[in-house]
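Here is the structure we will look at, set down as structure tokens.
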There are 2 protein chains.
Amino acid sequence: MADASRVVAIGAVSRRTGCPIETIRYYEKIALLPKPARTAGGHRLYRKGEVERLSFILRCRQLGFAIDEIRALLDLVDGGENSCTAVKAITEERLVDVRRKIADLRKLEGTLADMVAACGTGQVPDCPVIEALHAKP
Amino acid sequence: MADASRVVAIGAVSRRTGCPIETIRYYEKIALLPKPARTAGGHRLYRKGEVERLSFILRCRQLGFAIDEIRALLDLVDGGENSCTAVKAITEERLVDVRRKIADLRKLEGTLADMVAACGTGQVPDCPVIEALHAKP
DNA sequence: CTTGAATCTGTAGTCGCTACAGATTGTACC
DNA sequence: GGTACAATCTGTAGCGACTACAGATTCAAG
């Protein structure tokens with residue numbers, strides 16, 4: 001028999017990483033995770049490296065990387081060499097994206113705050129929020 | 001015949017509002033927009049009020065309101081009275097949400113910027129971005 | 001009356017999961 | 001060995017908010 005003490009079932013992986021079982025299977029289906037070994041009955045068995053790979057994926061997702069970006073990062077990691085520049089490029093793109101989103105949301109925040117503030121006065125004939133929403137750009 | 005000069009086809013509405021035709025039909029399907037009049041042949045005909053309603057919806061979407069929130073806002077507008085408080089509540093919820101998202105993104109920005117900066121030094125043995133992604137939370 | 005643009009309905013795809021249904025397997029206890 | 005019950009299996013459908021077709025029809029201009 002193989003060394004059973006070093007493999008874990010999908011439920012244990014889920015508890016350890018906080019990732020739902022369905023999502024682990026989903027990552028396998030879209031080939032972010034390799035197909036794991038199986039018991040005679042067909043249950044998945046994960047080794048340490050596979051759990052680490054999942055953790056890597058989850059951290060990337062927390063940072064807002066899209067699945068395809070993670071795939072690219074993993075390819076670079078798997079490839080091994082000369083990849084630091086490429087990794088940096090992907091990360092910088094992501095940073096630009098985040099900064100753009102922040103700027104967009106700041107504008108929204110301003111508009112929404114103005115609308116709420118106009119309501120606050122409580123002495124308007126018609127609802128200022130609705131008026132604002134009807135206003136032309 | 002009805003007054004044809006005051007109705008427009010869906011293509012004209014699309015050009016006027018910048019909203020794709022498919023999306024206009026989609027808003028009708030999910031009942032954000034009323035079913036418009038039709039020509040004998042079945043083409044949709046929109047009147048001024050309907051175009052304004054669409055503009056209202058589009059402005060709400062720009063501000064990040066979810067479809068269900070817009071539905072609630074439209075119900076309040078249609079209802080007519082005593083709704084300013086409710087409108088304000090929906091808008092405030094939205095504002096809280098936007099502020100939370102900004103805070104989240106700021107954290108991301110920090111992490112990503114650190115990672116990129118570490119890359120910039122160019123004197124590390126292994127890729128610092130990959131290391132950061134492998135690090136435990 | 002013909003041509004070509006516009007519009008019609010309906011369905012399937014996008015992203016990143018999530019939620020089932022219904023069948024099978026693994027494991028602990030007696 | 002038997003039995004209960006948890007864990008896991010596969011496969012499919014759904015979410016939000018559209019978007020992208022296919023294939024049929026209708027409209028407007030000349």
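Every number here is computed from the coordinates shown, using simple stated rules; none is lab data. Keep in mind that this is a model prediction, so the values were computed, not measured. Note that we place each Cβ from the backbone using ideal geometry, even for glycine, and neighbour counts take in every protein chain shown.
General observations
- With N as its number of residues, region A:31-70 has a Cα radius of gyration that, divided by 2.2 N^0.38 Å, comes to 1.37.
- Annotation for B:THR23 and B:ARG106: the two label points, set 7 Å from Cα along the Cα-Cβ direction, are 3.0 nm apart.
- For region B:8-19, 3J(HN,Hα) per residue [Karplus equation, 6.51 cos²θ - 1.76 cosθ + 1.60, θ = phi - 60°, Hz, x = Gly/Pro]: 10, 7, 5, x, 5, 4, 4, 5, 5, 9, x, 8
- In chain A, the beta-carbon sitting nearest the axis that superposes A on B belongs to the residue given here with its distance in angstrom, A:ILE102, 3.
- Other copies of B:GLU52: label-to-label distances in nm, shortest first, labels 7 Å along the beta-carbon direction: 6.5
- Ellipsoid semi-axes in whole angstrom, largest first, where each is sqrt(5λ) of the Cα gyration tensor of region B:1-101: 29, 15, 10
- The mean number of partner chain beta-carbon atoms within 10 angstrom of a residue's beta-carbon across peptide B:35-46 is 0.
- Under the Karplus curve 6.51 cos²θ - 1.76 cosθ + 1.60, θ = phi - 60°, whole-Hz ³J(HN,Hα) for region A:40-57, x wherever Gly or Pro sits: 4, x, x, 6, 6, 10, 10, 9, 3, x, 6, 5, 5, 4, 4, 4, 4, 4
- Coupling constants for region B:90-96 follow from the phi torsions by the Karplus curve (6.51 cos²θ - 1.76 cosθ + 1.60, θ = phi - 60°), and in residue order they are 4, 5, 5, 4, 4, 5, 4 Hz; glycine and proline get x.
- Take each residue of peptide A:87-99, count the partner chain Cβ atoms within 10 Å of its Cβ, and average: the result is 5.
- Interchain or long-range residues, amide H under 5 Å from A:ALA37's placed H: A:LEU45
- Average beta-carbon neighbours from other chains, 10 Å sphere, peptide A:108-115: 6
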